[in-house]
Amino acid sequence: MKEESKDAVAEIERFGKVISDTCMVVSPLEEKYDVAATNSGKASAYLPKLADQKVIYADLETLMEMIS
């Protein structure tokens with residue numbers, strides 16, 4: 001999906017990093033970022049507990065509107 005959405009990825013990466021094709025819980029998010037935005041219910045449940053992340057959980061359209 002990241003390759004198919006290059007414009008959206010470029011917009012999001014003005015604010016941070018797009019992570020795809022991996023489990024966000026085992027990625028090194030907490031080493032660089034304090035907050036993660038996701039449309040994944042699983043990630044939103046596990047990230048605060050296992051990766052010490054604040055999470056913004058919403059559908060992709062809403063997340064994109066938040067950064068526009």
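Nothing in this text is a laboratory measurement; each read-out follows from the coordinates by a stated rule. Predicted model only: the values in this text are computed from it and were never measured. Cβ atoms come from the backbone with ideal geometry, glycine included; neighbour counts cover every protein chain shown.
Some notes on this structure:
- Loop trypsin sites (Lys or Arg not before Pro), segment 28-63, which have at most 15 other Cβ atoms in a 10 Å radius of their Cβ (DSSP): LYS32
- Relative contact order computed over the chain (Cα-Cα under 8 Å; 6+ residues apart), in percent: 29
- Extending 7 Å from the Cα toward the beta-carbon at both LYS2 and MET66 defines two label points whose distance is 1.9 nm.
- For the chain, the number of Lys pairs with C-alpha atoms closer than 20 Å, counting only pairs eight or more positions apart or on separate chains, is 9.
- Where only DSSP H runs of four or more residues are counted, the chain gives -10000 deg cm²/dmol as its mean residue ellipticity at 222 nm, each run worth -39500 (n - 2.57).
- Legend: Rg and Dmax of the chain, from Cα coordinates, 11.5, 32 Å.
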